[in-house]
Amino acid sequence: MVIRYPSFYDDGFVPERSGREAVEAAVTQALASAYDIDSSQITVTTLGSYVILSGMVRSPFERSRAEEIAGDIVGEDYVRSRLLHRMP
């Protein structure tokens with residue numbers, strides 16, 4: 001048995017964002033909402049089914065916290081981090 005969901009595209013409905021853009025926006029918003037990290041220099045991109053975090057953070061804690069937040073959204077196996085932390 002095949003279950004088919006109604007298609008809204010025939011009715012003129014156009015989604016605001018693609019799945020990729022929605023995931024990037026969700027992770028970016030979650031990072032911005034976190035009170036314990038500064039996410040102003042973190043860039044979120046997607047490559048296939050992976051979320052890639054890149055940029056600079058202030059400490060190893062912020063790096064692991066950003067990875068944890070992204071992992072809560074897409075699953076920790078789908079997060080790749082290119083975050084670097086600055087030495088004081």
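The values are calculated or read from the model by the stated rules, or taken from the named source; none is laboratory data. Because the structure is a prediction, the values reported are computed rather than measured. Cβ placement follows ideal geometry from the backbone for every residue including glycine, while neighbour counts extend to all protein chains displayed. These area figures cover heavy atoms from the full protein model, side chains too; ligands, DNA and RNA do not enter into them. Shrake-Rupley method; radii C 1.70, N 1.55, O 1.52, S 1.80 Å.
One table, with the values for the structure above:
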quantity	calculated
Selection within region 3-30 - modelled with pLDDT under 85 and either within 20 Å of F61 (Cβ to Cβ) or surrounded by fewer than 10 Cβ atoms within 10 Å (Cβ to Cβ) (or both)	I3, R4, Y5, P6, S7, Y9, D10, D11, G12, F13, V14, E16
Residues of region 43-88 that turn out to be in a helix (DSSP H, G or I) and of a type in the set (S, T, Y), as a count	2
Count - residues of region 31-81 that are open to solvent by 90 Å² or more (accessible area, probe 1.4 Å) and under 20 Å from E21 (Cβ atoms)	4
